[in-house]
Amino acid sequence: MRFLIRDPDKKRPRRRRSWPKWIRPAAIVLVAAAVFGSAGYGAFEIWRAGAIGATADRLGRGLLNMTADLGLAVQDVTVTGRSETAAADMLAAIDVQRGTPILSVDPEVVRQRLKKLSWVRDARVERRLPGVIAIAIEERVPMALWQRGGKLVLVDRDGAIILRSGLDRFRHLITLVGDDAPKGASELLALLSTEPQLERRVNAAIRVGERRWNLQMDNGIDVRLPENDIAAAWAQLAQLEREQKVLGRDVVTIDLRLPDRFVIRVSPDQAKRKASPKQT
């Protein structure tokens, strides 16, 4: 993505001072060196001494403005990696106008502001002289909906909250339930993906006692996974479904917590029908 910095005042760009062509390259080098070399060091020493701090600050701004007059001014911002992050939010976070001395833009400060945006996981910010700020962002990848406090939020694999509203287009994601549910959820979801047909039938994963998971299937069946060796239990359920179509039966709970057996609890109506004597 590429976009130009917007000028909120819609004023015409400030006219640059006319400089002889032969002096321009040398002047840029000299002035830049002055900003980051002797002038910067001198201003720091003056500020530390508590003397003429305001004067030093004005001197620094004057030197930076001079570099802008010589062509070291922001003319464009390029952004890559943006998909979900709003352009307006990015512009507000970058907070740089066309014509700003590019040497006054601190890439790390801009990076930290960008990381405060909900969709931005990380960012890289570079000054590309003479006039381009190049930004590459890594956006968060939605992992699940997390039910907390009676409300749903969208979280990524790190458990970071991305969105608190506008979740309709993410309803296909699994719902996590429990105060610490996002912790370890990425490993659980990776395991569930080993059986894609079965995974598609999982509506929610409920964290139990901060140590194990229960799964709620799309027809309401409760699958209780063990604390250890979840992979074996999940593979066992997949085999059981392939061979006996257990999820299509009148079942309430499938308990896989015992390593050598599984326990199936049928609905009360089904149990009554089995207990009733046959009529002849």
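How would you rank Met143, Met66, going from fewest to most other Cβ atoms within 10 Å of each one's own Cβ? Please list the in-between numbers first.
Numbers: Met143 22, Met66 18.
By the 10 Å Cβ count, ascending: Met66, Met143.
The loop-placed GluC sites (Glu not before Pro) in the range 51-160, going by DSSP, that have at most 16 neighbouring Cβ atoms within 10 Å of their Cβ come out as Glu84. Residues in the range 127-132 carry Karplus couplings, in order, of 8, 10, 5, x, x, 10 Hz; the curve used is 6.51 cos²θ - 1.76 cosθ + 1.60 with θ = phi - 60°, and Gly or Pro positions show x.
For Arg201, no residue whose modelled amide H falls within less than 5 Å of its own remains once neighbours fewer than 5 places apart on the same chain are excluded.
Below 11 angstrom from the Cβ of Leu189, what's the summed charge of the other residues (Lys, Arg +1; Asp, Glu -1)? Could the numbers behind the result be given before it?
Numbers: positive: Arg157; negative: Glu187, Glu199.
Net local charge, Leu189 excluded: -1.
Restricting the range 163-265 to GluC sites (Glu not before Pro) that sit in a DSSP loop and have at most 15 other Cβ atoms within 10 Å of their own Cβ leaves Glu210, Glu227.
Stretching the chain fully between Arg261 and Asn203 yields a gain of 18.4 nm (0.36 nm per residue, less the alpha carbon separation). With contacts taken as Cα pairs under 8 Å and at least 6 residues apart, the range 142-273 reaches a relative contact order of 15 percent. Annotation: amide H of Leu163 within the under-5 Å range of Leu154, sequence separation 5 or more or interchain, hydrogens built in the peptide plane. This ranking places Arg249, Arg111, Arg200 by how few other beta-carbon atoms lie within 10 Å of each, fewest first, which gives Arg200, Arg249, Arg111.
Near Asp122, the amide H atoms lying under 5 Å from its own belong to Glu138; only residues 5 or more places off or on other chains count, and H is placed 1.01 Å from N.
For the range 113-120, backbone phi angles converted through the Karplus equation (6.51, -1.76, 1.60; θ = phi - 60°) give residue-by-residue couplings of 5, 5, 5, 7, 6, 4, 7, 8 Hz, Gly and Pro being listed as x. 3J(HN,Hα) along the range 178-190, derived from phi through the Karplus expression 6.51 cos²θ - 1.76 cosθ + 1.60 where θ = phi - 60°, amounts to x, 4, 10, 4, x, 5, x, 5, 5, 5, 4, 5, 5 Hz, with x in place of Gly and Pro.
When DSSP assigns beta bridges and you keep just the ones with both residues in the range 142-273, what percent turn out antiparallel, to the nearest 5?
Numbers: 21 of 30 bridges.
So the antiparallel bridges in the range 142-273 amount to around 70 percent.
Footprinting exposure proxy ranking of Asp180, Asp156, fewest other C-beta atoms within 10 angstrom first, gives Asp180, Asp156.
Each value in this text was obtained by applying a stated rule to the coordinates, not by laboratory testing. This structure is a prediction, so every number in the text was calculated from the model and none was measured. Backbone-built Cβ (ideal geometry, glycine too); neighbour counts: all protein chains shown.
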